[in-house]
């Protein structure tokens, strides 16, 4: 077995220093040692600098040439005090804070004497850590506040069955002023009238800031959005109403993440409540419910909105008016959660702090199975540790190049209310079904080298707090091992 397969048993940086120590003790140059072991000086230079891991055969040759043992070379302790200082300085400088503080990289060459090394290591260990601790603590506090706010709002949404009566009331007043009754999508005149009701005008312009979906001049009462070539009609309606929602709901500028998040949820809710009015939509849904023919796609087509908006709006109305607990899920191509809601008992995967966003759902859930489905809407029953559930998943936004999956579901006993609720497709995602085969991991660990897919948000590849960084961030390694097993004819 090669030393590269024993990565957890020794430190290549310490190994490199021990080889250099014994080479100098034997008064050998890199070239002279290279002739003895059949390796070029460049190879030995990289080895001594800890940049490669030699095979055991090479280690045995080095030990013999240096009149020592393989065990001595693999000893995890630095060979002397100087080596210990060099290793510590290298590691201190490789930490993220050196770049944060803008400090130059210092190489511990022969011209850097021991006293200077002692001083550098002492300063690096004592002074910069105070700054890093301050910055790191601030980031941790901000992250903790964001997670806490997100969890609190999600809990409130569950307790309210995701129904905000106060937002519905403002939407009703706005709709009445525009004359829109909710029978089919609103016209351009309806949209203009309801924006005017709140004292605003809409202007489509070129050169919008790339980070803004709209910009509002609150003095001139103008909402600027991208021109028609950049923002299609359906998307434009959503953006206009989401922006208008802040003013219709009398939002003030917020200085904390909880306030920002709450305002975002409320403004999005307002847009959906205007585009899919409660009274008209409930009548439509009640008729479909009575026939066991509820369909998010029908709601989407009736009001000319995205599948995501139709599904999320359905969660606002389903429990309040149909007595139907449901769950909603938005995931990317890897099954990573970007939005989620439930009041039907389904337990989403989460990190240690209870946060869902950035966590990947099981490969056996409909949200991931849908990507390989030939159906426009993929329906399935899924057994979980908490019970059996039914769901329907639709892959949206394919034409724009950033597809994602939208899932709406309920308890298995309530599936009869939906079109597709009689599907024969079954999946089991209980803990025992998801457990990885230890033999599979042993066979492929250290052999597989996957390259991660591109992601919209690079931070989704980062591990939750307290977990080690994976050499393949964002990769489901067990899935990779199963793939390799199939390719090798093993299953």
I'd like the orientation of helix 81-94 relative to the chain: the angle between its Cα long axis and the longest Cα principal axis, in ° from 0 to 90, rounded to 10. 20 degrees
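When the Kirkwood hydrodynamic radius is evaluated over all pairs of different C-alpha atoms of segment 39-82, what value in angstrom, to one decimal, is obtained? All intermediate terms of the calculation are to be shown ahead of the outcome.
Numbers: mean 1/r = 0.0888 Å⁻¹.
11.3 Å is the Kirkwood radius here.
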How big is segment 18-120 by the Kirkwood estimate over distinct Cα pairs, in Å? 15.1 Å
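Listing 443, 154 from the residue with the fewest other Cβ atoms within 10 Å to the one with the most, what is the order? Please report the intermediate quantities before stating the final value.
Details: 443 16, 154 22.
With the sparsest Cβ surroundings first, the list reads 443, 154.
Report the full-extension gain for the segment residue 123 to residue 373: residue separation times 0.36 nm, less the Cα-Cα distance, to one decimal in nm.
On the way: separation 250, 0.36 × 250 = 90.00 nm, distance 5.89 nm.
Taking residue 123 through residue 373 to full extension adds about 84.1 nm, to one decimal.
In terms of the ratio Rg/(2.2 N^0.38 Å) built on C-alpha atoms, what value belongs to segment 198-308? Write down the numbers at each step before the final one.
Working: Rg = 16.3 Å, N = 111, 2.2 N^0.38 = 13.2 Å.
Normalised Rg, Cα atoms only: 1.24.
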Need the full-extension length gain, residue 385 to residue 397, defined as separation in residues times 0.36 nm minus the C-alpha distance. One decimal, nm. 1.1 nm
Would you calculate a helix-derived [θ] at 222 nm for the chain, using -39,500 (n - 2.57) for each DSSP H run of n ≥ 4 and dividing by the full residue count, to the nearest 500? -14500 deg cm²/dmol
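Which FRET efficiency, nearest 0.05, do residue 94 and residue 181 yield, Cβ-Cβ r, R0 56 Å? Walk me through the numbers on the way to the answer.
Values: r = 65 Å, r/R0 = 1.16.
In this case the efficiency is close to 0.30.
Over the chain, what is the relative contact order in whole percent, taking alpha-carbon pairs under 8 Å and six or more residues apart? Intermediate values should be presented prior to the final figure.
Working: 629 pairs, mean separation 44.1, N = 491.
Reported as a whole number, the value is 9 percent.
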What ranking do 106, 210 get, fewest neighbouring Cβ atoms within 10 angstrom at the top? 210, 106
Taking max minus min of the Cα coordinates of the chain on each principal axis, largest first, gives extents in Å of 94, 58, 40
By counting other Cβ atoms within 10 Å of each Cβ, how are 86, 64, 396 ranked from fewest to most? 64, 396, 86
Spin-label zone in segment 54-76 - amide nitrogen under 19 Å from a point set 7 Å from the Cα of residue 36 along the C-beta vector: 54-75
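Just so you know, all these numbers are worked out from the coordinates, no wet-lab data involved. Since we're looking at a predicted model, the values are computed, not measured. A quick note on method: Cβ atoms are made from the backbone with ideal geometry, for glycine too, and the neighbour counts reach across all protein chains shown.
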